[in-house]
Amino acid sequence: MKKFTLYLILFLLPWSGYSQQSTDSIAAPPPETHHQRLSGDLGGLAPKMVAHGVILLLSSTHFYQGLLSGSGEHEFKYGGKGDAFLILDWEKLGLWKGFGMISHGEIRYGKSVFDEGGNLIPANTALLFPEEEGTAVALSSLFFTQKLGEKIKLMVGRINTLDFLAMNHYYGGRGIDGFQNIIFTAPPLDARTTPVTTLGLMTVYDLEPLELTLGAWDSRERINEYGFSGLFDNGVSVTGELALKTAWGGRKGKYAVGGTWSSLEETSLSNSAKLFLPNSELPLAVEKGSWVVNFTFEQNLLGPAENPRSGWGIFGRAGISDGNPNPLRWTAMGGIAGCPFSKRANDRFGLGYFKAGLSSDVKDRALLSLFVQNEQGAEAYYSFAPIPWFILTANVQWIEPFRKRSDNAWYGGLRLKIKI
């Protein structure tokens, strides 16, 4: 297996000359003007750091969320999340043309609503990692980027897959921006094939108007593990996605078909970082291999055509999996999001709906079909930013839980993000 993985990585590495351009920021928040952060320009130091290829982005996000109605304690709980990105452009540092480094450190503390509601799909992404309770610190990503030619980018190292999804215009956001439910930030259908943090590589080919992404990584969850111990012991995941970038009617959009396959060995109810799975007292068969195929899109509809983030649009994602060892057979989600008013450029809103179909294997275990069902829900939020670095979000979620005996759950809460 390790020999196969090495051959696969060599295959994915594109052969091309090095670019003369600086490395773009990949899987990290875009560098912002200094007035958009609490610290400003640090007395002139920040612009000098950026000019020399050093970008430091800090944020502190606070959650006050509770179960308004449903099965469980109707109590609001406080938790917080801190994020730190360090982006180094080695070309601007005078070291290596086209080369860069991105790291993401995070801390999670306080309480969450994970014990309430009886739902399968977590209602708060940010507080789920690095641990779902208590205080936890992690270096969730540390990877290197290299431009190869004019059209190819390579990334290799410790990768936080949520950071890549956060780059979408209307969904993603790691739960500290936009939606909070994990269905909109880190698709749980990928729970078996795509860890939150892993070791691997990705290549992005710009074939305008097409974009091809290929990748390979360790199938094991490594958010709280460091080093190379056990690398590929439980399989390797390979992924591919072909996206079409459009500008129909002058409005930007992106439509993609992709899939991931893993050689891991798991049961349908093995622990997952992205799902709250039921326990089974019966022995479960271990299955080898898991796959996911999905279609995603986002389309700008209103606002400045040249900048989709300044307007609003629609998005969606639908996928199907093997159904065993994946506990979900299929998922579908979609909605509308963006900037609601041209005079409030930093405000955001979102409205989304989802449905997740349990696999027949999960339903058959220990007569679980008598107690479980497919799960569905909806989420709405509005983010109010009176000043660019102070973002207050009101959030409400409705979930019909997969546990039949649980009442429909209504969650409500506030989120405050401060860009330091």
Answer in debye to the nearest 20: the dipole magnitude of the range 271-420 about its Cα centre, from +1 Lys/Arg and -1 Asp/Glu charges placed on Cβ, is 400
CD proxy, 222 nm, the chain: helix-only mean residue ellipticity via -39,500 (n - 2.57) per DSSP H run with n ≥ 4, per residue, nearest 500, stands at -1500 deg cm²/dmol
The farthest towards the positive end of the charge dipole of the chain, of the residues 149, 401, 376, given +1 on Cβ of Lys and Arg and -1 on Cβ of Asp and Glu, is 149
Counting only DSSP loop positions in the range 92-129, the chymotrypsin sites (Phe, Trp or Tyr not before Pro) whose Cβ has at most 11 other Cβ atoms within 10 Å are none
The pairs in 274/419; 274/363; 274/417; 81/288 lying past 29 Å Cα-Cα in this model are 81/288
Given unit charges at Cβ for Lys, Arg (+) and Asp, Glu (-), the dipole magnitude of the range 2-419 about its Cα centre in debye, nearest 20, is 740
Projecting the Cα atoms of 331, 38, 357 onto the charge dipole of the range 2-419, where Lys and Arg contribute +1 and Asp and Glu -1 at Cβ, the residue farthest towards the positive end is 38
Most fluctuating of 67, 284, 301 in the GNM of the chain (C-alpha, under 10 Å) is 284
Among 314, 399, 387, the residue with the largest mean-square fluctuation in a Gaussian network model of the chain built from Cα contacts under 10 Å is 387
With the dipole of the range 210-251 defined by +1 on each Lys or Arg Cβ and -1 on each Asp or Glu Cβ, the option from 247, 232, 216 whose Cα lies farthest towards the positive pole is 247
At q = 0.09, 0.14 Å⁻¹, the log10 of I(q)/I(0) for the chain from a Debye sum over equal Cα scatterers comes to -0.55, -1.45
Cross-link reach from residue 245 to aspartates and glutamates, straight Cα distance under 17 Å and at least 8 residues apart if same chain, gives 206, 208, 211, 298, 306
Residues whose built amide H sits under 5 Å from the amide H of residue 124, excluding neighbours closer than 5 in sequence, are 182
For residue 113, the net charge from surrounding residues (Cβ-Cβ under 12 Å; K, R +1; D, E -1) works out to -4
GNM of the chain, Cα pairs under 10 angstrom: of 180, 65, 36, the biggest fluctuation goes to 36
Checked the range 173-222 with the C-alpha gyration tensor, a ≥ b ≥ c its square-rooted eigenvalues, rounded below a/c of 1.5, otherwise prolate if a/b is larger than b/c and oblate if not; verdict oblate
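Laboratory data are not the source of any read-out in this text; all were calculated from the coordinates shown. This is a predicted model, so every value here is computed, not measured. With ideal geometry, Cβ positions are generated from the backbone for all residues, glycine too; neighbour counts draw on all protein chains shown.
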